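Shown next, in structure tokens, is the structure this report addresses.
What follows draws every value from the coordinates through simple rules; no lab data is involved. Source: prediction; values computed, not measured. Cβ placement follows ideal geometry from the backbone for every residue including glycine, while neighbour counts extend to all protein chains displayed.
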Amino acid sequence: MRQAGRSLPEYRRVRADVPMLEACARPDMIVEITMQPVRRHDVDAAIYFSDIVVPLKAIGIDLDIRTGVGPVVAEPIRDDSGVKRLRDIEPDDVGFVSEAVGRLVEELDGRPLIGFAGGPFTLASYLIEGGPSKNHERTKALMYGEPETWAELMRRLSAITLGFLKVQIDAGASAVQLFDSWAGALSAEDYRDNVLPYSASIFAALADREVPRIHFGVGTGELLSLLSEAGADVVGVDWRVPLDKAAQRVQPGTALQGNLDPATLFAPWEAVEERARSVLDRGRAAEGHIFNLGHGVLPNTDPDMLTRLTEFVHEETRR
Ligand code: CP3
């Protein structure tokens, strides 16, 4: 999940003089930061170091990532002329991604590399609101009030996301994850009508690539069946719905990913262990389970807790 690195002193050291988006565009930084949690925690897969707004920056959208804030867009998109600024992504726009993925695949030596991109609703929200948003009110205003502009925005964002995922797969990523993190802000009906068709088109276009496709959002308890309908092989679940319940909500044959509450890691180890064991037990109800946190690692997490948790999951699952 995002920000695994942020809890690590070695991450803070390499990032000390390098702004986030510059780090995301430099293969040497990408390789080093992607490898840090793998080296330290011995996790089973690496997640490519980048951010969901990197492809938007690459096609010329003026934006920045501010520490403690998140993505901030200089000129938010609120109408047709804004939507027209979103052009398709070409592999040459993100040559640094191909290079970094290639180097990582070599360095990881068989350990899977997970590539990723932002989902259409989440990217739209950053672009329309101009930054992080609690209520996504301008986004919903456009969705409800200007359905044709919304549809064109979704089509363009889906094309960018698909292009960006293909670059990562072509360079050797062994799985891809679509982070529609804020989709849980929508009712099931609004999600089904205004977002699902576009995410479904992304997953459908990747069906012949033979890499597992993961679909994740936060607060999506009521949307799990729709997230699964979009066509991913794996659905990520936050901590609000236990995995045995989530298993009943997704399409048959769909695996689950999750779902330990990241805040749990601030409790004493005994409490962490008890909850991690419960996640593993409940995950057995699913047709495949990837153990993970239910959302990103919180910045003040004690890295030793993550190492211990990884060890525990390895021991339990080998047993
Ligand atoms: O663990 C990793 O480093 C994996 C790489 C990764 C990042 N962002 C790096 C990052 C991934 C997978 C993401 C995805 C991402 N980015 C999502 C989807 C996943 C999720 O968490 O829901 C979203 C919504 C974003 C947008 C974004 N970028 C947010 C909300 C933030 C955090 C802002 C903050 O500081 O609280 C960022 C910044 C960001 N992306 C950081 C990292 C390591 C922190 C940068 C720093 O200050 O060092």
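In nm, give the distance between the simple-model label positions of D79 and A204, each being 7 Å from the Cα along the Cα-to-Cβ direction.
Once both label points are built, they end up 3.3 nm from each other.
Helices from the chain with mean Kyte-Doolittle at least 0.5 and a Cα length along the axis of 15 Å or more, per DSSP H: which? Could you put the intermediate results ahead of the total?
Working: long enough: 27-41 (22 Å, -0.36); 95-108 (20 Å, 0.59); 147-170 (34 Å, 0.20); 269-283 (21 Å, -0.92); 303-318 (23 Å, -0.84).
Helices meeting the span and hydropathy rule in the chain are 95-108.
Given H placed on each backbone N at 1.01 Å, which residues far from I47 in sequence or on other chains put an amide H within less than 5 Å of it?
I114
Counting only DSSP beta bridges with both residues in the chain, tell me the antiparallel percent, nearest 5.
Details: 4 of 26 bridges.
The answer is about 15 percent antiparallel.
Taking a label point 7 Å from the Cα of N300 along the Cα→Cβ vector, which residues of the range 238-282 have an amide N closer than 14 Å to it?
Zone members listed by number: 263-267.
Convex hull over the Cα atoms of the chain, averaged projected area in nm²?
On the way: hull surface 59.7 nm².
So the Cα hull casts an average projection of 14.9 nm².
About the Cα centre, and with charges only on the beta carbon of Lys, Arg (+1) and Asp, Glu (-1), how big is the dipole of the chain? Nearest 20 debye, please.
Working: 35 positive and 49 negative charges, 76 e Å.
Magnitude of the dipole: close to 360 debye.
So how many Å³ per residue does the convex hull of the Cα atoms of the range 66-113 work out to? Before the final figure, lay out each step's value.
Working: hull volume 7.0 nm³, N = 48.
Measuring per residue, one finds 146 Å³ for the Cα hull of the range 66-113.
Mind checking the log10 I(q)/I(0) for the range 238-305 at q = 0.13, 0.17, 0.27 Å⁻¹? Debye, one equal scatterer per Cα, no solvent, two decimals.
These q points yield log10 I(q)/I(0) values of -0.35, -0.58, -1.17.
For the chain, calculate the relative contact order in percent as a whole number, restricting contacts to Cα pairs under 8 Å that are 6 or more residues apart.
Values: 562 pairs, mean separation 53.6, N = 319.
About 17 percent, as a whole number.
Name the residue from P76, N292, A173 whose Cα lies farthest towards the positive end of the charge dipole of the range 5-318, charges +1 on Cβ of Lys and Arg and -1 on Cβ of Asp and Glu.
Value computed over the given set: P76.
Please report, for the Cα atoms of the range 30-123, the Rg to one decimal and the Dmax as a whole number; what are they, in angstrom?
Gyration radius and largest Cα-Cα distance of the range 30-123: 15.6, 47 Å.
In nm, to one decimal, how far is the modelled label at D170 from the one at R155, with both set 7 Å along Cα→Cβ?
With each label placed 7 Å out from Cα toward Cβ, I get 2.3 nm.
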